[in-house]
Amino acid sequence: MNLDELLEHAQKELSAVTSADQVEAFRIKYLGTKGLLKAAGDQLKILPNDQKRQYGSKLNAVKQTVQNSYDQAKAGLGQRAGATDARIDITEPGRISFDDYHPGSLHIIHQTIDALTELFGRMGFSVAQGPELEDEFHNFEALNVPRQHPARDPLDNFYLQRPSGAAPLMLRSQTSSVQIRVLESQKPPVRIVAPGRVYRPDTVDATHSFMFHQIEGLVVDQHITMVDLKTCIDQFAKAFFGADVETRFRPSFFPFTEPSAEFDVRFHYADGTSKWVELGGCGMVDPNVLQTVHIDPEQYTGFAFGLGIERIAMRKHGIEDIRLLFENDVRFLSQF
Ligand code: DAH
């Protein structure tokens, strides 16, 4: 092949390349150390001396042309490749395999609330809600907690900074506030549970958090007695924790119930031991509370109870540190 033919072939081949691989193959074929131009250079040595000069300069020109054309082809391809890379096909499946694919799930607190409301739903309770940002009337006053009561200490509650003269607002410290919200808007018979967040400035440790969840229960109707309360709590505990648990009531005091009690659940363990665990507070709705919301305590009575949801979730799943519930470490959350 003479130099003219070589150049012609090279141009023709280059004009047809469409991929980086083809450009590289071209480089090897023509410009490589064992390529056609190298071979053409070797021809120079065996030419008669009078032809060497002419052939040599022509060879240099051809080499230069092929090199330039090659450089251009390579650059042009790079640009086009760059352009295609920038287009992302969002319909492509991800690279992650389905074994590594973890769909989200409800947080364990949420799961516990769902289980509780479902269970109380079967016992005839509907779900009520109230605001987390409350006034003192609903969080304290109407619940028979007077102004001087230690529970209202600003150091034990999250009060909002308010303009002077404005009515104080606070993050509710108990879901009992929802009792008042419901009784203001609903006439007996009332049968509700109210799950939700409550806030207290406690120092965080394994059993305390400045935010946690409670579920409140309230029943107001004619002829409601303490037997109804005890039956309700006992049925709930057996349905939720298992038929083998027992419940007991200890006299206690809450401003909004009279009489008041705390209730415990006894868990039996495989090794034959058992343990009483405090679960919540309860009592018969104080007549003062009913009067405040314009319900006649001579005609209606009621019972109420409140329990901590974290405590229930932790007990049910053997979790020993409340902080795990709020750190949201996926390694923890994915176990439930
Ligand atoms: N609100 C109480 C607390 O946060 C719990 C409680 C006790 C709720 C007795 C009630 C009740 O409804 O009757 O400690």
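The values are calculated or read from the model by the stated rules, or taken from the named source; none is laboratory data. None of these values were measured; they are calculated from a predicted model. Using ideal geometry, Cβ is built from the backbone for each residue, glycine included, and neighbour counts are taken over all protein chains shown. SASA here: full protein model, heavy atoms, side chains in, ligands and nucleic acids out. Shrake-Rupley method; radii C 1.70, N 1.55, O 1.52, S 1.80 Å.
Points to keep in mind about this one:
- Odd one out for SER176, checked against (1) touching a residue at least 12 places away in the same chain (Cβ under 8 Å); (2) over 24 Å from GLU310 (Cβ atoms): (2)
- Filtered by the rule that a residue be outside any loop (DSSP other than H, G, I, E, B) and out of contact with any Asp or Glu (no Cβ under 8 Å at 6 or more places or on another chain), segment 264-284 gives PHE267, SER274, LYS275.
- Residue in segment 155-164 that is under 30 Å from the mean Cα position of the chain (by Cα) and in contact (Cβ under 8 Å) with a residue 60 or more places away in the chain present: no
- Pick from segment 257-283, criterion within 9 Å of the ligand (Cβ to nearest atom) and open to solvent by less than 20 Å² (accessible area, probe 1.4 Å), ranking: nearest to the chain's Cα centre (by Cα): GLY280
- GLU298 meets the conditions (1) part of a helix (DSSP H, G or I); (2) closer than 23 Å to LEU229 by Cα; (3) out of contact with any helix residue (DSSP H, G or I) (no Cβ under 6 Å at 6 or more places or on another chain) in every case but one. The failed one is (1).
- Among the residues listed as GLN67, GLN51, the single one being outside the structural domain of LYS238 (by TED's automatic domain parsing) and open to solvent by 80 Å² or more (accessible area, probe 1.4 Å): GLN51
- Hits in segment 12-42 - residues which are surrounded by fewer than 13 Cβ atoms within 10 Å (Cβ to Cβ) and closer than 14 Å to LYS63 by Cβ: THR33, ALA39, ASP42
- Counted residues, segment 34-62 - those being of a type in the set (Lys, Arg), out of contact with any Gly (no Cβ under 8 Å at 6 or more places or on another chain) and assigned to a helix (DSSP H, G or I): 4
- Flag: ILE319 does not match the condition of being within 23 Å of PRO146 (Cβ to Cβ), part of a loop (DSSP other than H, G, I, E, B) and open to solvent by less than 30 Å² (accessible area, probe 1.4 Å).
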